[in-house]
1. State which residue is modelled with the lowest pLDDT when the search covers only region 380-410 and only residues that are open to solvent by 40 Å² or more (accessible area, probe 1.4 Å) and hydroxyl-bearing (Ser, Thr, Tyr).
2. Yes or no: region 144-153 includes at least one residue that is in contact with an Asp or Glu (Cβ under 6 Å, 6 or more places away or on another chain) and under 21 Å from Ile82 (Cα atoms).
3. How many residues does region 411-436 hold that are at pLDDT below 80, touching a helix residue (DSSP H, G or I) at 6+ places or on another chain (Cβ under 7 Å) and either hydrophobic (A, V, I, L, M, F, W, C) or open to solvent by less than 10 Å² (accessible area, probe 1.4 Å) (or both)?
4. So Ala394 fits all but one of (1) in a helix (DSSP H, G or I); (2) touching a Ser or Thr at 6+ places or on another chain (Cβ under 9 Å); what number is the exception?
5. Kindly indicate the residue of region 71-90 that is open to solvent by 20 Å² or more (accessible area, probe 1.4 Å) and either modelled with pLDDT of 90 or more or part of a helix (DSSP H, G or I) (or both) and also farthest from Met179 (Cα to Cα) among those meeting that condition.
6. When residues of region 354-379 are filtered for being within 30 Å of Gly89 (Cα to Cα) and either among the aliphatic types (A, V, I, L, M) or open to solvent by less than 50 Å² (accessible area, probe 1.4 Å) (or both), how many remain?
7. If I filter region 49-68 for residues that are open to solvent by 60 Å² or more (accessible area, probe 1.4 Å) and under 25 Å from the mean Cα position of the chain (by Cα), do I get at least one hit?
8. With respect to Lys368, determine if the residue is part of a loop (DSSP other than H, G, I, E, B) and over 20 Å from the mean Cα position of the chain (by Cα).
Amino acid sequence: MHLDTQAEVSGGRTSGAPTSEMEFEEEEVSEPVSPIAQYFNSSVLSLTIIGVLEIAVPFDDSQTMSLLKNVFLPINPRFSSIMVRDDDGEKKWKRVEVNLKDHLIYPNFPQGMSPEFYDEYLADYLTKIGMDQLPQTRPLWEIHIVKYPTSSAAGNVIFKLHHALGDGYSLIGALLSCMQRADNPSLPLTFPSRQSSSKPKRDSVNIFRRVPRILSGMINTVSDFGWSILKSSVVEDDRTPIRSGDEGVQFRPVNITTMTFSLDHLKQIKANLGVTINDVITGIIFLGTRLYMQATSHELGDAESTALVVLNTRAVAGYKSISEMLKPDSEMPWGNNFGFLHIPIPKLSVAESSDPLSFILKAHQLIKRKRNSFAVHLTSTLLEAMRKLRGPEATSQYVHRTLKNSSMAMSNLIGPVEEMALANHYITGMYFAVVGNPQVYTYIAANMEYLLFFIFFNGQYML
């Protein structure tokens, strides 16, 4: 089932609900818009994050307005601000009146249908809102509350947030700050440690071992930075089932698919190969992609395809409180603080087709070499220099080409250890997507009790 008209899935706003507004002085300006926020909200690129919370019980909206006014809006002034230009033409965040009725939407689906029916309707509704642009005349967010039971939830709460508001680390941190532990709401959510368990060696031999690594890192940095510039300007990936190369891919309907893998199984692979969980995740995605390409056409197994891996550039071991993020000199600041790392998708040999672990190990070795490079930081410096010399619009075009010339983007998010609840609504699942990206495929992995792969793609279908 697919929806052909907007009327079939209407986004009903909160008609009849009491008006709730937050008023600010008209001349109040919060802060300058960061460079990356300008790149993500320009005439050539507009990226939006869609987050879906699956809830176990029917949603009780009696507290919705108070939660938005007293919990969500105070998280960050950007949720009550719009982008404006000052007298010098610079973009600023300006605080405005927020009419919550404009941001809260209850879609109307046919009544009394089966959960399987609502599965398809929800998927089509996500496609619809993924294609709709957020109005620039009001704060860049919406919340859609779907009160129809699907096969995996009694209801769904959909957050639609413009990427200019912040990156995944910031926005997911904001959403998690609105939630509580399901077992004990008085205790904070906790997150897996990202600290290495190995102890550093202090002997003199270790110093000599570092020298080759430093020299290798310098060579890798020059090589990766040069390759990044070429990939962002003149060198494109081959056209394959995962990359059409067409203009305007970002305007095609978006489809979201989720897959669930047990973390216990992934940890088994991690232990057997002596790699990280991220290496296992990336290897699985690369292997599945190559197998899909070969199933379409055997010659495509050797196609040149590149993944853009999105890296958080903060020196951080886990989520921090919103108050910590908003401090002026915070080491974990709010905003868009990430970089792209170009990783070629390894070729798949005949032997590796029947031995997936060897392919995952090959992906690990490739990623390990890429980690020993400072190309991500040099790329950030290049973008800033380009912005100062040519302006944010030209830099946004450069970012657009970076995305378009590659085949896919990949990212991951760390979830809490405990089960969560939102206003006493138990959360059974949570997934995210980025829309407006000029790529056919984007992967996001959320690391919780089970690993969820979120695959969303424009204009083509993965079989």
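The values are calculated or read from the model by the stated rules, or taken from the named source; none is laboratory data. Nothing here was measured: the structure is a model prediction, and the numbers come from that model. Positions of Cβ are generated from backbone atoms using ideal geometry, with glycine treated the same way; all protein chains shown enter the neighbour counts. Only protein heavy atoms, including side chains, enter the accessible area calculation; ligands, DNA and RNA are left aside. Shrake-Rupley method; radii C 1.70, N 1.55, O 1.52, S 1.80 Å.
1. So the residue we want is Ser380.
2. Within region 144-153 (the criterion being in contact with an Asp or Glu (Cβ under 6 Å, 6 or more places away or on another chain) and under 21 Å from Ile82 (Cα atoms)), the answer is no, since none of the residues qualifies.
3. Residues flagged as at pLDDT below 80, touching a helix residue (DSSP H, G or I) at 6+ places or on another chain (Cβ under 7 Å) and either hydrophobic (A, V, I, L, M, F, W, C) or open to solvent by less than 10 Å² (accessible area, probe 1.4 Å) (or both) within region 411-436 amount to 1.
4. So Ala394 meets the others, but not (2).
5. Ranking the candidates gives Val84 first.
6. Looking only at that region, the number is 3.
7. Within region 49-68, not a single residue is open to solvent by 60 Å² or more (accessible area, probe 1.4 Å) and under 25 Å from the mean Cα position of the chain (by Cα).
8. no
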